[in-house]
1. Regarding GLU308, is this residue surrounded by fewer than 20 Cβ atoms within 10 Å (Cβ to Cβ) and under 27 Å from SER181 (Cβ atoms)?
2. Quickly run through the range 335-359 and pick out the residues that are crowded, with 17+ Cβ neighbours inside 10 Å and hydrophobic (A, V, I, L, M, F, W, C).
3. Would you point out the residue of the range 171-215, among those that are among the aliphatic types (A, V, I, L, M) and assigned to a strand (DSSP E or B), that is farthest from the chain's Cα centre (by Cα)?
4. So which pairs qualify, if the first residue must be in the range 135-149 and in the same structural domain as TRP207 (by TED's automatic domain parsing), the second must be among the hydrophobic types (A, V, I, L, M, F, W, C) and in a helix (DSSP H, G or I), the Cβ gap must be under 6 Å, and the two must be at least 6 apart or on different chains?
5. Taking the range 112-134 as the region of interest, how many residues are surrounded by 23 or more Cβ atoms within 10 Å (Cβ to Cβ) and over 30 Å from ILE318 (Cβ atoms)?
6. Hey, can you tell me all the residues within the range 273-293 that are within 17 Å of the chain's Cα centre (by Cα) and either of a type in the set (Gly, Ala, Ser) or surrounded by 14 or more Cβ atoms within 10 Å (Cβ to Cβ) (or both)?
7. Test SER102 against the criterion of being touching a helix residue (DSSP H, G or I) at 6+ places or on another chain (Cβ under 8 Å), surrounded by 24 or more Cβ atoms within 10 Å (Cβ to Cβ) and either within 25 Å of ASP268 (Cβ to Cβ) or not aromatic (Phe, Trp, Tyr) (or both), and give yes or no.
8. If you take the residues in the range 190-206 that are surrounded by fewer than 23 Cβ atoms within 10 Å (Cβ to Cβ) and out of contact with any helix residue (DSSP H, G or I) (no Cβ under 6 Å at 6 or more places or on another chain), which one is nearest to LYS250 (Cα to Cα)?
Amino acid sequence: MKFTRLGTVSIIAMTTALTLSACVPAAPIDPSELSGTIIGAGASSQQSAQESWVRGFQLANVHATVEYDPIGSGGGRDTFVGGGAVFAASDRAFTVEEIAESEFVSCVPGTGILEIPAYISPIAIIFNVDGVDSLDLDADTIAAIFTRDINRWDDTAIAEQNPNVELPDQRITAVHRADDSGTTANFTSYLAEAAPDAWDVGSIEKWPLEYGGEAAPQTSGVVDAVTNGTGTIGYADASRAGDLGTVAVKVGDEYVAYSPEAAAAIVDVSPFGDDRGATDFAVEIDRASTASGVYPVVLISYLIACNEYVSSDKVDVIRGYLDYVISPEGQQAAADGAGSAPISQRLFEKANAAVAAIK
């Protein structure tokens with residue numbers, strides 16, 4: 001596998017100026033004593049955030065190394081279950097059924113897993129149409145575009161919501177993820193809840209073949225396909241939207257553009273899931289909310305770890321890394337590097353206690 005590794009040799013002299021967050025772990029650890037390599041795998045949407053987290057953690061812990069493989073959410077969960085990674089990143093939490101049926105090789109049986117919604121980011125609906133930078137669209141129209149019921153950019157449903165935009169008489173090419181994808185799961189969850197009459201296949205990680213369109217691997221593949229195509233539209237973590245056109249989605253009576261603040265707002269009005277373990281903080285997002293200022297096409301990407309590891313030799317590094325990720329310092333690093341929204345105080349307090357208890 002190809003791993004993203006951020007080295008530490010050239011920055012040793014800087015480490016005295018940096019410390020971990022003030023979060024208190026189960027037993028205080030001198031950063032100079034943290035050593036060893038841990039491997040994580042999962043969501044490509046988290047890649048920019050992971051690079052920021054790894055950099056900050058390794059600056060403060062020069063003898064510790066974190067390697068992260070952005071193979072996609074499904075691949076990350078499978079690798080974690082099989083013991084090939086000591087933590088996973090996934091754009092959706094494990095389902096209750098998956099947890100019950102899985103034998104997590106690295107975890108002590110019966111001790112459960114930890115799922116932290118550590119990365120909150122809007123999913124941008126991106127497009128490439130000459131002369132058009134932004135569009136207003138409601139959920140039904142977005143769904144119809146991706147089911148190909150709407151296949152021209154000057155379709156009446158698009159034009160009526162954008163009276164001041166000159167839309168071309170051009171075919172729409174809808175781009176979707178080719179791989180099992182948590183981003184797809186979050187995007188289709190929005191369509192299923194906000195446009196149930198137009199999107200009737202539910203929340204799914206694998207794009208339905210009957211809807212066709214152009215398939216591209218991982219987040220970077222979707223962005224490249226939309227960028228290099230003509231009349232294209234797709235969906236991707238907002239940190240990767242770049243200079244592409246983006247959609248403001250209709251919420252209630254207003255159109256809301258994506259932003260970290262609007263993404264955080266929808267999470268804060270959404271409850272935790274039922275029938276979960278004490279350290280499983282899966283969030284049930286209210287995608288059909290009509291509250292002012294919320295952006296419902298949001299991705300909550302989880303960091304997943306064991307509550308208790310079979311092997312204890314890497315536990316201090318795992319705990320230290322997750323502690324840094326959820327800390328105010330770590331969350332700000334991700335916000336600066338990836339445009340994500342820092343987790344709320346409610347999430348931090350719960351996650352901090354759970355991370356401190358990892359053993």
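1. On the way: surrounded by fewer than 20 Cβ atoms within 10 Å (Cβ to Cβ): yes; under 27 Å from SER181 (Cβ atoms): no.
So GLU308 does not fit the description; no.
2. At the first step, the residues of the range 335-359 found to be crowded, with 17+ Cβ neighbours inside 10 Å are 335, 337-343, 347-348, 350-352, 354-355, 358.
Residues satisfying the conditions are ALA335, ALA338, ALA341, ILE343, LEU347, PHE348, ALA351, ALA354, VAL355, ILE358.
3. Restricting to residues being among the aliphatic types (A, V, I, L, M) and assigned to a strand (DSSP E or B), the top hit is ALA174.
4. Every condition considered, the pairs that remain are ALA139/ALA194; THR141/ALA157; ALA143/LEU191.
5. Going through the range 112-134 one residue at a time, the tally reaches 4.
6. First, pick out the residues of the range 273-293 that are within 17 Å of the chain's Cα centre (by Cα): 280-287.
Listed by number, the residues that qualify are ASP280, PHE281, ALA282, VAL283, ILE285, ASP286, ARG287.
7. Values: touching a helix residue (DSSP H, G or I) at 6+ places or on another chain (Cβ under 8 Å): yes; surrounded by 24 or more Cβ atoms within 10 Å (Cβ to Cβ): no; either within 25 Å of ASP268 (Cβ to Cβ) or not aromatic (Phe, Trp, Tyr) (or both): yes.
Against the criterion (touching a helix residue (DSSP H, G or I) at 6+ places or on another chain (Cβ under 8 Å), surrounded by 24 or more Cβ atoms within 10 Å (Cβ to Cβ) and either within 25 Å of ASP268 (Cβ to Cβ) or not aromatic (Phe, Trp, Tyr) (or both)), SER102 does not qualify.
8. Step by step, filter the range 190-206, then rank; the result is GLU193.
The values are calculated or read from the model by the stated rules, or taken from the named source; none is laboratory data. As the structure is a computational prediction, the values presented were derived from the model and not from experiment. As a convention, Cβ positions derive from the backbone with ideal geometry for all residues, glycine included, and neighbour counts pool all protein chains shown.
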